[in-house]
Amino acid sequence: MIFETVATGGCRSYLIGCEQSCAGALIDPELSQIDRYIALAARHGLRVRYLVDTHTHADHFSATQQLAQRFGVPAVMHSASPAPFVELRLRSGELLRVGQLRLQALHTPGHTRDSMCLTVEDRIFTGDTLLIGGTGRTDLPSGDAGALYDSLFDGVLKLDPALKVFPAHEYKERSHSTIGEELAGNPRLQVRERGAFIAMMQNLNLTMPTHLSEALRTNMTGGKTVAQMLAEAAATVPFMSLAELKHTIEDSKEELVVLDVRERDAFEEGHIPGAWLLPRGQLELRVNQDLSDPTRRILVYCEFGRISTLATATLRQMGFRGAVALDGGMKAWREAGFPVKVGKQP
């Protein structure tokens, strides 16, 4: 079996492949690693057949939908998953044929309602159900400490003790464990009375994941992350450097419209000399009256350079093909020591 682990901070994802058929599957892929997965599959000569998420992730952004579209293959999750983009929904005991490999699902609710583990040959991919030296938390949406106890003690932990455990998270750089090792040494698994286990899980007092709301929104719906939207916008617009903008303004030979898309109070506190104010929230409604010549060259900026990138992409979609974004923002302009004008006037 071809096998690769991809680490993204504490997140773990896995590429498995059949050497005989060159069929492969990706398990719990993370959005920032898309190019790496594609390169790994190509290096091993694998044709990825399935993109699998072991559960609805709340602490990172899944690449399952994007890669499934890229490879033209099904996105796979448990049948309880709420994600509308999932094309293949597994129930406990059902399996995927990956060439000569058999990737079998075991429904393990607890961390989330749709959690499942996957066994293949001598290993099990446990998602966030069983971690090395720990378990998944149960205080996030659809978590259930009692269900996790049942999934562990009546399910996963009854499998072959020699089965290698590969979780979706690992923070101490350990590659894997075994079910036997976890039974013997995992502190949470030493609490074997159901009521005590539930009480322990309900009193962990863990901090919430940084991107909880956004991760749940995108992973449950198939919507885009803010980073995705910014990256897509940035790929469609040209940029101008701070120094080039300063030179262009001072040269005054080119008729350049400098457009500040921040709110009025920020504009009046300090803006690039000569800039016009057109807040991003009013852009589509006011653009025709404020920018009557669509052939003009327009430089768009904001405070940090993110909103202006989106605004520039919008302007270009509307036909303002001369729109460019500032590479940086007002904050960078100030820090460079370039001139700033205070007040309502351009």
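The values are calculated or read from the model by the stated rules, or taken from the named source; none is laboratory data. Just so it is clear, the model here is predicted, and its values are computed rather than measured. Note: ideal-geometry Cβ built from the backbone for every residue, glycine included; neighbour counts use all protein chains shown. Surface accessibility is based on the protein's heavy atoms, side chains included, excluding ligands, DNA and RNA. Shrake-Rupley method; radii C 1.70, N 1.55, O 1.52, S 1.80 Å.
Structure summary
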read-out	value
Segment 296-319, residues that are under 17 Å from LEU277 (Cβ atoms), part of a loop (DSSP other than H, G, I, E, B) and either more than 31 Å from the chain's Cα centre (by Cα) or among the charged types (D, E, K, R) (or both)	ARG296, GLU303
Single residue of segment 119-144 satisfying the filter (aliphatic (A, V, I, L, M) and out of contact with any Gly (no Cβ under 9 Å at 6 or more places or on another chain)) that is surrounded by the fewest Cβ atoms within 10 Å (Cβ to Cβ)	LEU140
Criterion violated by GLN202 - all others in (1) modelled with pLDDT of 95 or more; (2) open to solvent by 70 Å² or more (accessible area, probe 1.4 Å); (3) in contact with a helix residue (DSSP H, G or I) (Cβ under 8 Å, 6 or more places away or on another chain) satisfied	(1)
Residue check for PRO209: surrounded by 13 or more Cβ atoms within 10 Å (Cβ to Cβ), within 27 Å of the chain's Cα centre (by Cα) and assigned to a loop (DSSP other than H, G, I, E, B)	yes
Test: residue in segment 228-246 that is within 29 Å of the chain's Cα centre (by Cα), part of a loop (DSSP other than H, G, I, E, B) and without any contact (Cβ under 8 Å) to a residue 12 or more places away in the chain	yes
Wholly within segment 1-115, strands (runs of 3 or more DSSP E) carrying at least 3 residues that are within 19 Å of the chain's Cα centre (by Cα) and aromatic (Phe, Trp, Tyr)	none
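Let's see how each residue does on (1) open to solvent by 60 Å² or more (accessible area, probe 1.4 Å); (2) of a type outside the set (Gly, Ala, Ser); (3) more than 22 Å from THR225 (Cα to Cα):
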site	(1), (2), (3)
ASP53	no, yes, no
GLN65	no, yes, no
GLN69	yes, yes, no
PRO82	yes, yes, no
ARG97	yes, yes, yes
GLN100	yes, yes, yes
GLY110	no, no, yes
CYS117	no, yes, yes
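Let's see how each residue does on (1) modelled with pLDDT of 95 or more; (2) touching a Leu at 6+ places or on another chain (Cβ under 6 Å):
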position	(1), (2)
SER115	yes, no
ARG137	no, yes
ASP154	yes, no
LYS164	yes, no
TYR171	no, no
